[in-house]
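Down below is the structure, laid out as structure tokens.
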Amino acid sequence: MASEFKAIVRIGDTDLDGNKAVAYALTKIKGIGISTAFAICKYLGINPLTRLGYLNDEQIKKLDWAVRNLHQFAPGWFVNRPKDPETGKNLHLIGADLILAAKKDIDLMKKIGCWKGIRHKLGLKVRGQRTVTTGRIGFTIGVSKGKR
């Protein structure tokens, strides 16, 4: 344990709370969930329940490297972008890269005119949900029925 406590630690271009346990603090990074955070801690040999602010600079650098390069040591089924369409490699994106990749995928679907792309263009539900009663847009509250 380091003698100096850091209240804010920057990992993966995100400011994390030093008072939280390492695994739970890592989940504040977009693209890192709880199981991913525990896997990173186990790979690096860091106790996931120690406070993030008590880690020394070397351990923080290791954590930052592991968060940014998870695809290098994690299996292909564990990453959030297996077999990337552009590169063909297994990638694990975090932060703004993850948001931009999702936006790019949606734009590609719109461009090629697939079913999901058409639904995205029209602003409708994409994954097969019903739309008769839900997802209504506008000021009308309740169901308007015809004359009785």
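Inside the range 58-78, can you point out the residues that are free of Cβ contacts under 8 Å to residues at least 24 places away in the same chain and part of a helix (DSSP H, G or I)? Break it down into steps so the answer makes sense when it comes.
The first filter runs over the range 58-78 and keeps only residues free of Cβ contacts under 8 Å to residues at least 24 places away in the same chain, leaving 58-59, 61-62, 65, 69, 71-72, 75-77.
Listed by number, the residues that qualify are 58, 59, 61, 62, 65, 71, 72.
Looking only at the range 38-57, count how many residues are more than 18 Å from residue 8 (Cβ to Cβ) and either surrounded by fewer than 17 Cβ atoms within 10 Å (Cβ to Cβ) or within 20 Å of the chain's Cα centre (by Cα) (or both). Quick ask: steps written out before the conclusion?
Step one: of the range 38-57, the residues more than 18 Å from residue 8 (Cβ to Cβ) are 38-49.
Next cut, either surrounded by fewer than 17 Cβ atoms within 10 Å (Cβ to Cβ) or within 20 Å of the chain's Cα centre (by Cα) (or both) only: 38-45, 47-49.
Result for the range 38-57: 11.
Looking at residue 11 and the list (1) of a type in the set (Val, Ile, Thr); (2) exposed (fewer than 15 other Cβ atoms within 10 Å of the Cβ); (3) under 19 Å from the mean Cα position of the chain (by Cα); (4) farther than 30 Å from residue 125 by Cβ, which single condition is not satisfied?
Single failed check for residue 11: (2).
Given the structure, is residue 104 open to solvent by 70 Å² or more (accessible area, probe 1.4 Å) and part of a helix (DSSP H, G or I)?
yes
Is there a residue in the range 115-124 that is assigned to a loop (DSSP other than H, G, I, E, B), of a type outside the set (D, E, K, R), over 15 Å from the mean Cα position of the chain (by Cα) and at pLDDT below 95?
Looking only at the range 115-124, we keep the residues that are assigned to a loop (DSSP other than H, G, I, E, B), and these are 123-124.
Right, trim to of a type outside the set (D, E, K, R) and you get 123-124.
Okay, now just the ones that are also over 15 Å from the mean Cα position of the chain (by Cα), so 123-124.
Then drop every residue that is not at pLDDT below 95, which leaves 123-124.
Yes, there is a match, as at least one residue in the range 115-124 is assigned to a loop (DSSP other than H, G, I, E, B), of a type outside the set (D, E, K, R), over 15 Å from the mean Cα position of the chain (by Cα) and at pLDDT below 95.
Going through the range 22-49 one residue at a time, which ones are under 11 Å from residue 63 (Cα atoms) and touching a residue at least 24 places away in the same chain (Cβ under 8 Å)?
22, 23, 26, 40, 43, 46
The values are calculated or read from the model by the stated rules, or taken from the named source; none is laboratory data. Note that the coordinates shown come from a computational prediction; the quantities given were computed from them, not determined experimentally. Backbone-built Cβ (ideal geometry, glycine too); neighbour counts: all protein chains shown. When the accessible area is computed, the model is the full protein with side chains, heavy atoms only, and any ligands, DNA or RNA have been set aside. Shrake-Rupley method; radii C 1.70, N 1.55, O 1.52, S 1.80 Å.
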